[in-house]
Amino acid sequence: MVTSIAIVDNVENECWIIDVTPDFPKQLHLINEITNSSKPVKIAGVFLTHAHIGHYAGLIHLGHEVMGTNNIPVYAMPRMKNFLNNNGPWSQLITKKNIQIETILHESRIKINDQISVVPFLVPHRDEFSETVGYKIKGPNNSIMFIPDIDKWNMWDKNIISEVNSNDYLLLDGTFFDGNELPGRDMSQIPHPFVNESMELFKDLSLAEKDKIHFIHFNHTNPLNWSTSIESNLLIKEGFSLAKQGQIIIL
């Protein structure tokens, strides 16, 4: 399924979803299966990273023709908010009050409950229709950095090595393993940090630091989709991790 994560409060039986993908119905069912709650988990809010189709298109399932939700908060940067407000069918979700857009800003802290906060931060990416952000999720015990899309680590105004040092878990862009993955296409036009580039960048980290890094967001051509591939075995041997469907991290 397309990359998405959920912050789940088991006490209040509610969740906040980061990126609503085309696989949203299956992912919502998965959340309910994992929590094993006697009642469906309430969607308390949605956070969006950017306006590329795999990250927001699932909003359509909140609309009048499907779930018919009532004013679910959707946290979005200013350009992302403008995109949703001014383009159908997303604008209909707003006019019919299925969702309400909450504006967020770079490095502004959103406290979603008494124990957990979410901080968006800008990252460089192909921003045709909106900004692109990652999120830092901070709980009472652990912090998670979530960056599903970025052009290249050296184009960011932050040092990714420092971010590894200062966070407990990092879910990082692993879209393509290397530059040979799409024959016939100019991959400079769809930039991402290749996983083999990231492994080289992180090679001098301690094993404890490498263990924090979980690669995510694999294109269907990426050999990391197959656990038996040479590339998957190499990545694990070098001390890194692959995010798994249904993986649970305690905040």
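Here are a few things to note about the model shown:
- Residue within the range 42-55 that is touching a strand residue (DSSP E or B) at 6+ places or on another chain (Cβ under 7 Å), part of a loop (DSSP other than H, G, I, E, B), under 20 Å from Ser117 (Cβ atoms) and of a type in the set (Val, Ile, Thr) present: yes
- Residue tally, condition charged (D, E, K, R) and surrounded by 15 or more Cβ atoms within 10 Å (Cβ to Cβ), over the range 185-212: 4
- Filtered residues of the range 24-62 (kept if without any contact (Cβ under 8 Å) to a residue 40 or more places away in the chain and among the polar types (S, T, N, Q)): Gln27, Asn32, Thr35, Asn36, Ser37, Ser38
- Matching option when the condition is closer than 22 Å to Pro40 by Cα and either surrounded by 15 or more Cβ atoms within 10 Å (Cβ to Cβ) or not acidic (Asp, Glu) (or both), among Thr95, Thr69: Thr69
- Looking only at the range 148-163, and only at residues there that are under 17 Å from the mean Cα position of the chain (by Cα) and among the β-branched types (Val, Ile, Thr), the one that is farthest from Leu122 (Cα to Cα): Ile160
- Top-ranked residue of the range 110-141 - restricted to ones that are within 17 Å of the chain's Cα centre (by Cα) and basic (Lys, Arg), ranked as nearest to Phe47 (Cα to Cα): Lys136
- Condition check for Ile190: within 15 Å of Arg126 (Cα to Cα), out of contact with any Cys (no Cβ under 8 Å at 6 or more places or on another chain) and at pLDDT below 95: yes
- Residue in the range 66-83 that is closer than 24 Å to Phe218 by Cβ and in a strand (DSSP E or B) present: no
- The requirement of being within 21 Å of Arg109 (Cβ to Cβ), touching a strand residue (DSSP E or B) at 6+ places or on another chain (Cβ under 7 Å) and acidic (Asp, Glu) is fulfilled nowhere in the range 142-152; no residue meets it.
- Qualifying residue in the range 199-215 (condition: touching a Gly at 6+ places or on another chain (Cβ under 7 Å), of a type in the set (D, E, K, R) and not assigned by TED's automatic domain parsing to the domain that holds Thr3): yes
- Restricting the range 176-197 to residues that are in a helix (DSSP H, G or I) and within 21 Å of the chain's Cα centre (by Cα) leaves a set whose member that is nearest to Ile249 (Cα to Cα) is Val195.
- The range 198-251, residues that are under 17 Å from Ser162 (Cα atoms), more than 16 Å from the chain's Cα centre (by Cα) and either outside any loop (DSSP other than H, G, I, E, B) or free of Cβ contacts under 8 Å to residues at least 40 places away in the same chain (or both): Ser198, Met199, Glu200, Leu201, Lys203, Asp204, Ser206, Leu207, Ala208, Glu209, Lys210, Asp211
The values are calculated or read from the model by the stated rules, or taken from the named source; none is laboratory data. Note that this is a predicted model, so its numbers are computed, not measured. Here the Cβ is made from the backbone with ideal geometry for all residues, glycine too, and neighbour counts use every protein chain on show.
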